[in-house]
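Taking it in order: structure first as structure tokens, then the write-up.
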């Protein structure tokens with residue numbers, strides 16, 4: 001599909017109001033330049049944080065959200081905040097961090113689009129999401145489904161929470177305090193989690209192994225190298 005198809009179709013006659021949360025000025029300028037060629041899409045506000053965007057404008061058809069922002073906010077919290085204001089969200093990312101992509105996908109974004117995509121593909125994705133459509137891309141599907149080469153262990157939400165806390169370095173007593181569970185219940189959860197991983201052919205007998213499994217399954221972020 002060529003980028004010019006959006007100019008003539010009567011289906012695109014309504015102007016969709018777009019907001020952008022992006023703290024890299026060059027990316028914001030680039031997207032504004034791209035959308036300027038499409039009369040049915042208007043970039044009405046660009047901001048460096050979600051709160052800054054909400055302070056400026058809330059009458060939007062779609063928010064295009066960068067997943068790694070300088071304020072340290074998480075994709076999950078940002079998407080949840082935007083949803084609470086009735087705003088649809090499309091993730092716009094370099095997709096270099098699978099944890100961020102998965103976090104956004106699980107928070108309910110309409111799709112995940114790479115910044116490296118051709119301009120026409122970015123425009124088509126924004127147009128689709130602004131109309132309420134799901135933008136199905138390989139990155140979005142992978143984030144939802146996980147790595148197809150890793151057997152799913154079927155952890156419950158509570159087990160996922162316990163795993164993420166314990167594998168990130170918390171002691172069982174601290175996990176119990178944070179989750180409101182009894183300490184023995186936390187140990188029971190961990191035993192069941194280890195059993196599920198073993199049954200899936202992905203044993204995790206040590207805390208380090210649990211950390212590796214949590215990263216593999218997207219419950220914890222991929223560790224960044226110092227200086228990266």
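The values are calculated or read from the model by the stated rules, or taken from the named source; none is laboratory data. The model shown is predicted, which means the values in this text are computed figures rather than measured ones. Counting neighbours? That spans all protein chains shown, and the Cβs are built from the backbone with ideal geometry, glycine included.
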Failed item, numbered, when residue 92 is tested on (1) part of a helix (DSSP H, G or I); (2) within 28 Å of residue 160 (Cα to Cα): (1)
Condition met for residue 86 (part of a loop (DSSP other than H, G, I, E, B), loosely packed, with under 15 Cβ neighbours inside 10 Å and at positive phi): yes
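Can you tell which of 27, 79, 64 is at pLDDT 95 or above and either within 18 Å of residue 101 (Cβ to Cβ) or not in a helix (DSSP H, G or I) (or both)? Spell out the reasoning first.
Values: 27 fails: at pLDDT 95 or above; 79 fails: at pLDDT 95 or above.
Within the list 27, 79, 64, the selection yields 64.
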Single condition residue 54 does not satisfy, out of (1) at pLDDT 95 or above; (2) outside any helix (DSSP H, G or I): (2)
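Restricting the range 30-50 to residues that are free of Cβ contacts under 8 Å to residues at least 12 places away in the same chain and not in a loop (DSSP other than H, G, I, E, B), which is farthest from the chain's Cα centre (by Cα)? Break it down into steps so the answer makes sense when it comes.
Filtering the range 30-50 for residues free of Cβ contacts under 8 Å to residues at least 12 places away in the same chain gives 30, 33, 36.
Filter once more, so that each one left must be not in a loop (DSSP other than H, G, I, E, B): 30, 33.
Details: 30: 22, 33: 25 Å.
Selected residue: 33.
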Single unsatisfied condition, residue 120 versus (1) over 27 Å from residue 14 (Cβ atoms); (2) over 14 Å from the mean Cα position of the chain (by Cα); (3) surrounded by 14 or more Cβ atoms within 10 Å (Cβ to Cβ): (1)
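Restrict the check to the range 110-120 and report whether at least one residue is modelled with pLDDT under 85, at negative phi and in a helix (DSSP H, G or I). Explain how you work it out, then say what you get.
First, the residues of the range 110-120 that are modelled with pLDDT under 85: none.
No.
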Residues (without any contact (Cβ under 8 Å) to a residue 40 or more places away in the chain and out of contact with any helix residue (DSSP H, G or I) (no Cβ under 7 Å at 6 or more places or on another chain)) located in the range 75-105: 77, 83, 84, 86, 94, 96
